[in-house]
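Below: the structure, in C-alpha cells.
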Amino acid sequence: MKYIDEFRDGEVARALSHRIAAAVDPARRYHFMEFCGGHTHAISRYGIAELLPANLRMIHGPGCPVCVLPIGRIDQAIALALERGVILCTYGDVMRVPASESLSLMRAKARGADIRMVYSAADALKLAREHAEREVVFLAIGFETTTPPTALVIRQAQAEGITNFSVLCNHVLTPSAITHILESPEVRQYGTVPIDGFVGPAHVSIVIGAQPYEHFAEEYRKPVVIAGFEPLDVMQAIWMLVRQVNEGRAEVENEFSRAVTREGNLAAQAIVQQVFELRSSFEWRGLGEVPYSALKIRPAYERFDAEKRFGLVYQSVPDHKQCECGAILRGVKRPTDCKLFGTACTPETPMGSCMVSSEGACAAHWTYGRFRDRAQPHAARAAE
C-alpha cells in the first residue's frame with residue numbers, strides 16, 4: 001500500500017539497525033522513553049527492540065490514554081449508568097478497564113446499565129438526539145488528539161439547543177505529563193529511571209505542534225524527536241536521538257515532518273481553547289496528582305459538564321496491591337517485572353489498565369513479546 005509499505009521495508013530497517021549500531025558509543029548506555037502508547041505498540045509488534053544494540057534501552061511511558069485513567073474516574077461513570085439511569089457512551093477500550101468492587105463498564109452493562117460503545121463523540125450526540133427523553137453522557141478520555149472532537153460536539157450541542165447531553169471530561173495533556181516525569185524523584189533525584197531523550201508523540205504533535213516540547217529540551221537538556229508510528233519512523237527517530245546525545249545536543253527534531261509542523265493545527269487548538277480550560281490538578285494512574293495536566297469544561301458550556309450536572313465528587317481509589325501498572329507507566333518497571341503478568345493478568349482477564357488497551361505496555365508485550373522472551377532469555381537479560 002502506497003505510503004505504508006515504504007515505512008515497513010525490511011531492508012531499510014536492517015540498514016537503519018546497522019546505522020544505529022555504528023553510531024552508539026560502546027562505552028556508554030542509552031535510555032530513551034517512547035511516551036506514546038502507539039510507539040510502544042509499534043516497538044513490540046515489529047520487534048524493534050531486537051534490532052537495537054544491547055546498550056540501548058527503550059522505556060515505556062504513560063502515553064496510553066486508557067492506561068492513565070484512574071479507577072475513581074471509571075467508578076464515576078459506572079455510578080452514573082447504574083444509579084442515575086443515563087445512557088453512558090465511551091470508546092471501546094475503556095469498557096474493560098478494571099474498576100472498584102471487581103466491576104468494569106462491561107460488567108456494569110451485564111448488570112443492566114445502558115452503556116454503549118461509540119466510535120466518536122459525534123455518535124454520542126446522535127444518541128442524545130434520538131433519545132430526547134433520556135440523559136446521555138459521553139465519557140471523554142484521551143490526550144490532545146481526541147480533545148478537539150469532544151469540543152466540537154459540545155459546541156454543536158449548544159448550537160442545536162440539545163438539553164439531554166453532557167460530557168464526563170477526562171482529557172489530559174502530554175506536556176504536563178512529560179514535565180512531571182522529568183521532575184519525578186526516580187528521574188531527577190535518584191536516577192533509577194535514567195532518561196537520555198524522548199521519542200515524541202505522533203498524533204498529539206499533529207494537533208499541538210513541535211513547539212511545546214522545546215521547553216523540555218532547553219530546561220532539562222533532554223532531546224526530543226517527534227516520530228510517526230511506522231517501524232522505520234521509530235528507528236529513524238532513535239538514530240536521531242543517538243546522534244543528538246553523542247553530539248551533546250538537546251533539541252526538538254521532527255522526524256514526522258509529513259504530518260507535524262512547529263505550530264500544529266491552529267484551528268483545532270482554537271476550538272479546544274474556546275470550550276475547555278485547565279484543571280488545577282488531575283489524578284493520573286501511576287503518576288498521582290499532576291498539576292495543570294487536564295482539561296475541564298468552561299463555565300460558558302457548563303450545562304454540558306456531567307460533573308456539575310450530576311454533582312459528582314471525585315474519590316481516589318488505589319490500584320490492585322499486586323498490580324505494577326503504576327510503576328510500568330512511570331518507566332520504573334517492565335511488564336515482566338509484575339507477578340500478575342501472564343498469570344492472573346491477561347488481555348482476557350486484565351487486572352490493570354496496561355493490559356486492556358492494545359497501546360498498553362503489558363498488552364503489547366503479551367501479544368508480541370512474551371514468545372521472544374522464552375526464545376531468547378539471554379538476549380533479553382543482556383538488553384537490560
- Task: Report the semi-axes of the equivalent ellipsoid for region 225-343 in whole Å, largest first, where each axis is √(5λ) for an eigenvalue λ of the Cα gyration tensor.
- Result: 33, 27, 13
- Message: Translational diffusion coefficient of region 275-375 at 20 °C, 1.002 mPa s, Stokes-Einstein with Kirkwood Rh over Cα pairs, in µm²/s as a whole number.
- Response: 136
- Item | Mean Cα-pair separation over length for the chain, i.e. relative contact order, pairs under 8 Å, 6 or more apart, % | 22
- May I ask you to evaluate 6.51 cos²θ - 1.76 cosθ + 1.60, the Karplus curve with θ = phi - 60°, for each residue of region 256-267 and list the ³J(HN,Hα) values in order in whole Hz, giving x for glycine and proline? 8, 5, 6, 9, 10, 10, 5, 7, x, 8, 5, 5
- Determine the relative contact order of region 61-161: mean sequence separation of Cα pairs under 8 Å and six or more apart, normalised by residue count, in whole percent. 29
- Task: Mind listing the long-range amide H neighbours of VAL252? Cut-off is under 5 Å, sequence gap 5 or more, other chains count too, H placed in the peptide plane at 1.01 Å from N.
- Result: VAL224
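Taking only the C-alpha atoms, wrap a convex hull around region 218-286 and report its volume per residue in Å³ as a whole number.
Per residue, the Cα convex hull of region 218-286 comes to 163 Å³.
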- Query: What size of dipole, in debye to the nearest 20, comes out for region 63-136 about its Cα centre when the only charges are +1 on Lys and Arg C-beta atoms and -1 on Asp and Glu C-beta atoms?
  - Reply: 120
- Task: Evaluate the distance, in nm, between pseudo-label points positioned 7 Å from the Cα of HIS18 and of ARG221 along their respective Cα→Cβ axes.
- Result: 3.5
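With charges only on Cβ, +1 for K and R and -1 for D and E, what is the dipole size of the chain about its Cα centre, in debye, rounded to 20? Before the final figure, lay out each step's value.
Details: 42 positive and 44 negative charges, 127 e Å.
In debye, rounded to 20, the chain gives about 600.
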- Task: Collect residues whose amide H, placed 1.01 Å from N in the peptide plane, falls under 5 Å from the amide H of ALA210; neighbours closer than 5 in sequence don't count.
- Result: THR261, ARG262, GLU263, GLY264
- Per residue convex hull volume, Cα only, region 111-191, in Å³ is 126
- Task: Estimate the FRET efficiency between GLU6 and SER102 by the formula 1/(1 + (r/R0)^6), using the beta-carbon distance for r and 56 Å for R0, to the nearest 0.05.
- Result: 0.75
- Under Karplus coefficients 6.51, -1.76 and 1.60, residue-wise ³J(HN,Hα) of region 58-68 in Hz, glycine/proline x: 9, 10, 6, x, x, x, 9, x, 5, 5, 8
- Point-charge dipole on Cβ atoms (K/R +1, D/E -1) for region 213-274, about Cα centre, debye to 20: 40
- Two-decimal log10 I(q)/I(0) for region 29-102, as the Debye equation yields it once each C-alpha is a single scatterer, q = 0.11, 0.15, 0.22 Å⁻¹: -0.44, -0.65, -0.97
- What residues qualify as long-range amide H neighbours of ARG116, i.e. H under 5 Å apart, gap of 5 or more or another chain, H built at 1.01 Å from N? LEU88, CYS89, THR90
- Item | Burial order of peptide ranges 30-37, 41-48, 111-118, 19-26 (average beta-carbon count within 10 Å, highest first) | 30-37, 41-48, 111-118, 19-26
- Volume per residue that the Cα convex hull of the chain spans, once the total is divided by residue count, Å³: 145
- Compare the peptides 199-205, 242-248, 227-233 by average per-residue count of other Cβ atoms within 10 angstrom and give them in order, highest first. 199-205, 227-233, 242-248
- Specify which residue in the list THR192, PRO335, SER257 is farthest towards the positive end of the charge dipole of the chain, using unit charges on the beta carbon of Lys, Arg (+1) and Asp, Glu (-1), about the Cα centre. PRO335
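Quick note: the coordinates plus some simple rules give every number you see, no bench work behind them. Model, not experiment: these values are computed from the prediction. Note that we place each Cβ from the backbone using ideal geometry, even for glycine, and neighbour counts take in every protein chain shown.
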